[in-house]
Amino acid sequence: MDKLSRLQYQRKWREKHRDYVNRVARKWYAEHKEVYQKKHRDYYWKNPLPHNLRAHANYLQSKQQVRERATRYWKRHPLRKRLFTVLAAIRQRCNNPRCKAYPYYGAKGVQCFLTLDELISLWKRDYGFRLKRPSVDRINPGGNYELANCQFLSHSENSKKSWRERREGYENRGRWSSSCTVR
């Protein structure tokens, strides 16, 4: 019997006896359920394998662990891959209506005109390799992601800058006037 006819025979046998096979499988699983689940649970949570990294990320205890994980990622992966993930995140914010950040970027008309090669030249221009947690910042917050309007900053500087700009915007609207005194 050649390979093709054997496979056809096996497929027909499985179709014919599907109910029986499923019944036997369910019976076996019912008998071995606890042992099987325990083995799987122990293996999945105790082995730090790549398929398990995402689950472990939810259980990071402190900001320091999150920071260390980010720095390990930036040291381990090659530059093109790192910057491609950054560029993909930017494009998601600007183009994908299902993205959480879309209302703050794409819905306001911010577009991404950066390419991967431009992002690499930006990385070299701003010495991104010296930063602990590099992030892309738009110099003009109302502008698009373009080579002339972007720079690499550390994540902490970038978040401080965005908060400062928001606060200054509130001051200009009169909500935080300098004449108010705290009693």
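The values are calculated or read from the model by the stated rules, or taken from the named source; none is laboratory data. The structure presented is a predicted model; accordingly, all values stated were derived computationally and were not measured. Because the Cβ atoms are built from the backbone with ideal geometry, glycine has one as well, and the counts that use them run over all protein chains shown.
Apart from one condition, R98 fits all of (1) at pLDDT below 90; (2) farther than 27 Å from Q65 by Cβ; (3) surrounded by fewer than 11 Cβ atoms within 10 Å (Cβ to Cβ); (4) of a type in the set (K, R); the exception is (1). Output the qualifying pairs, or none if there are none: Cβ atoms under 7 angstrom, residues six or more apart or on different chains, first residue in the stretch 94-109 and farther than 14 Å from N144 by Cβ, second residue modelled with pLDDT of 90 or more and polar (S, T, N, Q). From the stretch 94-109, the pairs are C99/Q92; Y102/N96.
Of the residues making up the stretch 61-101, those that are within 15 Å of the chain's Cα centre (by Cα) and either among the hydroxyl-bearing types (S, T, Y) or on the phi > 0 side of the Ramachandran plot (or both) are T71, Y73, T85. Here R76 fulfils each of the conditions (1) within 30 Å of E118 (Cβ to Cβ); (2) modelled with pLDDT under 80; (3) surrounded by 10 or more Cβ atoms within 10 Å (Cβ to Cβ) apart from (3).
Take the conditions (1) at pLDDT 85 or above; (2) within 20 Å of G128 (Cα to Cα); (3) exposed (fewer than 10 other Cβ atoms within 10 Å of the Cβ); I90 misses just one of them, which is (3).
In the stretch 126-183, what count of residues is obtained for those that are assigned to a loop (DSSP other than H, G, I, E, B) and at pLDDT 70 or above? Matching residues across the stretch 126-183 total 12.
Can you tell me which residues in the stretch 3-38 are of a type in the set (G, A, S) and surrounded by fewer than 10 Cβ atoms within 10 Å (Cβ to Cβ)?
At the first step, the residues of the stretch 3-38 found to be of a type in the set (G, A, S) are 5, 25, 30.
If the condition is that a residue be of a type in the set (G, A, S) and surrounded by fewer than 10 Cβ atoms within 10 Å (Cβ to Cβ), then S5, A30 are the ones that fit.
What about K132, is it free of Cβ contacts under 8 Å to residues at least 60 places away in the same chain, of a type in the set (D, E, K, R) and on the phi < 0 side of the Ramachandran plot? No.
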